[in-house]
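Asker: Take this structure first; my questions come after.
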Amino acid sequence: MRPLETERLLLRLPKRHDLDAYAAILGDPLVVRSLGFGPRTREETAEAIERMLRHWERYDIGLFSVVRKSDERLLGRVGFLLWDTERWLNALHHDLEGLLETEIGWTLGSEFWNRGYATEAALAARDWALSERGLTRLASLIASGNTPSIRVAEKIGETLEREDLPGPFDRRVDLYSLQAKAPLAVPI
């Protein structure tokens, strides 16, 4: 798959050599406080990268590594997870079959917050999913009170669909979504 590009960012498939950057990001308590898990060890982060790669291999969609073009620094991840909406389990941690919900999500290192990177990357990922993947619906599962993520969701066109999803969450999680009438046309 060819990378996606924006003015400042490159969205590419995760690589094993991203480990140092991801270990710093996923080991930061500020970053993971709204994700439903605590800071990750280096070993857990390596396993997370492997899960991201397997998600791409199995479903042909997944989380992109977000790289700043000016200095090639990895800022975090933006992209897609598939969810079983009956049990609210995701394909990063479970083998899923059947009709699945496509979540668009974002996790950036705290030093990169409030610079528009999450919105810029999420817009590029959204447009790719709606055009090249032909999707017409995207959703985001966001912890209640995570105002910065709610703002990103709204900026990419999502609105609150459902509060307090049932499932194995350790806090209240709300569902934001967008519905396109038809897939976006792919530019020639």
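Only the coordinates and a few stated rules stand behind these numbers; no lab work does. Since we're looking at a predicted model, the values are computed, not measured. FYI the Cβ positions are ideal-geometry reconstructions off the backbone, even for glycines, and counts take in every protein chain you see.
Asker: Quick one: net charge around Ala21, please, counting Lys, Arg +1 and Asp, Glu -1 for every other residue with C-beta under 14 Å from its C-beta. Let's see the in-between values first.
Answerer: Numbers: positive: Arg12, Lys15, Arg16, Arg40, Arg42, Arg68, Arg73, Arg77; negative: Asp18, Asp20, Asp28, Asp71, Glu72, Glu111.
Around Ala21, the charge tally is +2.
Asker: Using the Cα gyration tensor of the stretch 108-183, with a ≥ b ≥ c the square roots of its eigenvalues, what is the shape: rounded (a/c below 1.5), prolate (a/b larger than b/c) or oblate (neither)? Write down the numbers at each step before the final one.
Answerer: Numbers: a/c = 2.16, a/b = 1.14, b/c = 1.89.
Cα axes put the stretch 108-183 in the oblate bin.
Asker: Let me ask another. How about Lys69: which lysines have a C-alpha closer than 23 Å to its C-alpha, ignoring those fewer than 8 places off in the same chain?
Answerer: Lys15, Lys155
Asker: Another question about this same structure. If each Cα of the chain is one equal point scatterer, what is log10 of I(q)/I(0) from the Debye formula at q = 0.08, 0.09, 0.17 Å⁻¹?
Answerer: -0.23, -0.29, -1.19
Asker: Taking loop as defined by DSSP and a crowding limit of 16 other beta carbons within 10 Å, which GluC sites (Glu not before Pro) in the stretch 130-162 fit?
Answerer: Working: sites: Glu132, Glu154, Glu158, Glu161; in loops: Glu132, Glu158.
Sites meeting the loop and neighbour criteria: Glu132.
Asker: Going by the alpha-carbon gyration tensor, a ≥ b ≥ c the square roots of its eigenvalues, is the stretch 1-112 rounded (a/c under 1.5) or, if a/c is not under 1.5, prolate (a/b greater than b/c) versus oblate? Could the numbers behind the result be given before it?
Answerer: Details: a/c = 1.77, a/b = 1.29, b/c = 1.37.
It comes out oblate by the Cα gyration axes.
Asker: Ok, one more. Using only helices, what value at 222 nm comes out for the chain when you add -39,500 (n - 2.57) per DSSP H run of length 4 or more and divide by the total residues, to the nearest 500 deg cm²/dmol?
Answerer: Details: 5 runs with 54 residues, N = 188.
For the chain, the value works out to -8500 deg cm²/dmol.
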